[in-house]
Amino acid sequence: MKLKIGHLYPDLLEIYSDRGNITVLRKRAEWRGIEVQVDRISIGDDVNLVEYDLLFSGGGEDREQMQVAEDLLRKRDTLLRAVASGTVVLAICGSYQLLGHYFETVNGHRIEGVGLLDFYTIGGQRRLTGNVVSKLTIFNFECTVVGYENHSGRTYLGPGVAPLATVVSGHGNNGEDGLEGVVQGTVFGTYLHGPVLAKNPLLADHLLQLALKRRTDRPYLPPLEDEWEWLAHERLVRKFARMKLT
Ligand code: GLN
């Protein structure tokens, strides 16, 4: 079995080692005997995104987001068709913002999003930075998700979408409503860098599992040891959220 991953705009949207998420997905698949192909896709590339089981894109500065946004609008149709076919999307911070209706930067530029999901983002003077501990909404058991955030944009979800997590410690989507990220079907957006999947193995496997559903009816991912991953995860939970969790 082969898993096809598309890495969108690796040359422009790549801060805080977000590309590490690709390494995590690749290794976690390969350790289970699944072959992985990663294609880099950027501005001007004429691609059929339906071919991909998972699309990933990282965070970036406002200026790079402007460049990417124009191209992403040209890829909108193929992106929508991919999502309709079950392709998993993981978008971090700057690329998360581009999946919504628009991002109005702190300098007053309006960057049009692809409008795939129902939310908008407004830049603020004070950047929202630091470590985040949040609780995932997608499992029927309690699971924290940890990471690092640094963004000026404040994202406000519309009624058509759900948050990926609720904030225990940190700012999340906007520092006001206690929500972090977005999820709708197989599309996931989050403000968390880290890279986020390295310290959150259950989230990583959840995405792999969803992506594999395009290849096989009952994807099975045998458990991995994940000792170091959980050590890093729990350290952050203890350091930044202990008082609120107990
Ligand atoms: N430029 C965006 C903002 O500041 C995204 C930043 C990021 O990807 N970390 O909100």
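The values are calculated or read from the model by the stated rules, or taken from the named source; none is laboratory data. The model shown is predicted, which means the values in this text are computed figures rather than measured ones.
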Given (1) in a loop (DSSP other than H, G, I, E, B); (2) hydrophobic (A, V, I, L, M, F, W, C); (3) under 16 Å from the mean Cα position of the chain (by Cα), number of the condition Leu25 does not satisfy:
(1)
Expected single match for assigned to a helix (DSSP H, G or I) and at pLDDT below 95 among Arg238, Arg218 is Arg238
